[in-house]
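Chemist: Once you've had a glance at the structure underneath, I'll fire off some questions.
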Amino acid sequence: FPANTRQTKEEGMQLIQKYLENYYGFKKDGESFVWKSNNAMTQKLKEMQEFFGLEVTGKLDSGTLDLVQKRRCGFPDVAG
Amino acid sequence: FSTFAGEPKWTKHVLTYRIVNYTPDLRPADVNAAIRKALRVWSSVTPLRFIQKDRGDADIMISFAARDHNDFIPFDGPGGSLAHAYAPGKDFGGDAHFDEDETWTKSTEGTNLFYVAAHEFGHSLGLSHSKDPNSLMYPVYRKYDPSVLLLHQDDITGIQYLYGSSPNTNNDQTESTEIKDPTESKDPALPNICSSNLTFDAVTTFRGEIMFFKDKHIWRKHPAVRTADFELISSFWPRLPPGVDAAYEISEKDETVIFKGKEFWVVRGDTILPGYPQKLYTLGFSKDVSKIDAAFHNGIEGKTYYFIADKFWSYDERSQSMDKKPLLIRDAFPGINGKIDAVFQHENSLYFFSGRKQFEFDLNKKRVTRLLKTNFWFPC
């Protein structure tokens, strides 16, 4: 990726990871993040997309990225 | 809607709340008003009632803080997480924390405190987040629109799943002071707060509010808030009879004394203190005194005044002694003639209710300064 796109992508990654940790009980298990369809982060991302009625892609698309930047309640969306 | 795992909820219907500290973004009176209004959103559709405390512990402790604030969920600076609240329970249970790094407002700009507080109190009462994007319990903040009712049917269904519906309303959470109570439909028409014929049985201050007693009902009015809450006396004190005669608050003891006939009760919040009711003569009255018309406590003087017909007795808390014999009301309160229905003190004036009239009496000038209607305190 060109540098700035890569940086944006990494920022998006950190944003979504923080979001899933805060509100979906995601626990980073130490593995470097790789987009695999069955890994924990992708599962949590799908859970979040399903909660908000977004298309459940498991990918960090623009709709998902837009939503994680909105102000919200600090309480988790899933029982922690 | 969704509840928390295990469906924690309050086992009582009268809950206390305390605003522990205030955001500098708003006047304290505006914070008080926003919090009251946010609690009323939920009390208007359930049997729940909320009483404010200004010291000690309360079921719902409300505070403003930035970043780390002694729980395990630090805030994240401006934006992002705005506030959070805990499910019903002891200690942290029910508490609501607001992120001081937000700009709290009472308008559509910034972050509207009333709207966020109403959401957080949903958590304090046992609701978790809803997937319905139109519901109050949806997790994402939407631009506040004052013309839109906050509670969505999804929220009402959720909270009534936990607590049942309100005995007073038909799920309508408008801020009317008149809430029709179907269980009272057999009774004569409910008192109309704006009627020019309105009279009161008793009036007292109560933890920063003013409580107006009439038959089976009370209106609760915070001087800084335009509207009033209309409740059944029994929703606060089930054992108290309707149609009380008099009431007064000793705020320094957080006690309110309520009279009916030859008996009186002392309450603290929604609790009747043990050992009550007691008989009037235990206060020092002769046994032929069969009822008190009105009473108020002057905290500065340390004296309590009891009014019967056109006379009054005063009790000195310091010397713990009651007047040997009563004095004429008009001698000590010029301009107040004859029997009164109720009286209370607000700031440095007394408000005497007699029939459809209300007299404002200035304690410094020792004279009546205004003649008011009885519904002066209400948005009529």
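Chemist: For A:Lys59, which aspartates and glutamates qualify as cross-link partners when the Cα separation must be under 17 Å and same-chain residues fewer than eight apart are set aside?
Modeler: Here the aspartates and glutamates satisfying the reach criterion relative to A:Lys59 are A:Glu10, A:Glu11, A:Glu21, A:Glu47, A:Glu50.
Chemist: Right, another one. To the nearest whole number, what is the average tally of beta carbon atoms from other chains within 10 Å of the beta carbons of peptide B:230-239?
Modeler: For peptide B:230-239, the averaged partner shielding equals 0.
Chemist: Ok, one more. Would you list B:Lys365, B:Lys324 from fewest to most Cβ contacts within 10 Å?
Modeler: So the residues, fewest neighbours to most, are B:Lys324, B:Lys365.
Chemist: Report, by chain and number, residues whose modeled amide H sits under 5 Å from the one on B:Gln52, excluding near sequence neighbours (fewer than 5 apart, same chain).
Modeler: Counting only residues 5 or more places away or on other chains, the set is B:Tyr17.
Chemist: Using the Karplus equation 6.51 cos²θ - 1.76 cosθ + 1.60 (θ = phi - 60°), what ³J(HN,Hα) coupling, rounded to whole Hz, does each residue of region B:102-115 give in order, writing x for Gly and Pro?
Modeler: After applying 6.51 cos²θ - 1.76 cosθ + 1.60, I find 8, 9, 7, 9, 10, 10, 8, 7, x, 10, 6, 5, 4, 5 Hz.
Chemist: Using the Karplus equation 6.51 cos²θ - 1.76 cosθ + 1.60 (θ = phi - 60°), what ³J(HN,Hα) coupling, rounded to whole Hz, does each residue of region B:364-373 give in order, writing x for Gly and Pro?
Modeler: Ordered by residue, 3J(HN,Hα) equals 7, 7, 6, 7, 6, 9, 8, 9, 10, 6 Hz.
Chemist: If each residue's Cβ is checked for other Cβ atoms within 10 Å, how do B:Glu252, B:Glu209 rank with the fewest at the top?
Modeler: Sorted ascending by nearby Cβ count, the order is B:Glu252, B:Glu209.
Chemist: Something else: Return the aspartates and glutamates within reach of B:Lys214: Cα separation strictly under 15 angstrom, same-chain partners fewer than 8 residues apart disregarded; answer none if there are no such residues.
Modeler: In chain and number order, the partners are B:Glu178, B:Asp181, B:Glu184, B:Asp187, B:Asp201, B:Asp229, B:Glu231, B:Asp245, B:Asp293, B:Asp341.
Chemist: Sticking with this structure for a sec: If you take the beta carbon distance between B:His346 and A:Gln14 as r and set R0 to 45 Å, what does 1/(1 + (r/R0)^6) give as a FRET efficiency, to the nearest 0.05?
Modeler: Taking R0 as 45 Å, the efficiency between B:His346 and A:Gln14 is 0.20.
Chemist: Based on the mean of other beta carbon atoms within 10 Å per residue, what is the order of B:156-165, B:274-283, B:127-136, most packed first?
Modeler: Highest to lowest by the protection proxy: B:127-136, B:156-165, B:274-283.
Chemist: What list do you get for B:Glu317, B:Glu120 if you sort them by fewest beta carbons within 10 Å?
Modeler: Listed from fewest to most nearby Cβ atoms, that is B:Glu317, B:Glu120.
Chemist: Calculate, for B:Cys194 and A:Leu65, the FRET efficiency according to 1/(1 + (r/R0)^6) with r their C-beta to C-beta distance and R0 45 Å; round to the nearest 0.05.
Modeler: With R0 = 45 Å, the Cβ-Cβ based efficiency is 0.25.
Chemist: So for region B:289-380, if I pair up every lysine 8 or more residues apart or on another chain, how many of those pairs have alpha-carbons under 18 Å apart?
Modeler: 16
Chemist: Counting other C-beta atoms within 10 Å, and keeping those with at most 15, which DSSP coil chymotrypsin sites (Phe, Trp or Tyr not before Pro) do you find in region B:97-139?
Modeler: Answer in residue order: no site qualifies.
Chemist: Please give the average number of partner chain Cβ atoms lying within 10 Å of the Cβ of each residue in A:66-73, rounded to a whole number.
Modeler: 6
Chemist: A further question follows. Enumerate lysine pairs in region B:1-109 that are 8 or more residues apart or on different chains, then count those whose Cα atoms are under 22 Å apart.
Modeler: Counting lysine pairs in region B:1-109 gives 9.
Chemist: Using the Kirkwood radius built from alpha carbon pairs, what does the Stokes-Einstein equation give as D for chain B at 37 °C and 0.692 mPa s, in µm² per second?
Modeler: Answer, rounded: 147 µm²/s.
Chemist: While we're looking at this one, here's another question. Determine the calculated [θ] at 222 nm for chain B from helices alone, applying -39500 (n - 2.57) to every DSSP H run no shorter than 4 residues and normalising by the residue count; nearest 500 deg cm²/dmol.
Modeler: After summing the helix terms and dividing by the residues of chain B, the value is -3500 deg cm²/dmol.
Laboratory data are not the source of any read-out in this text; all were calculated from the coordinates shown. All values reported here derive from a predicted model rather than from experimental measurement. Virtual Cβ from ideal backbone geometry, glycine too; neighbours counted across all protein chains shown.
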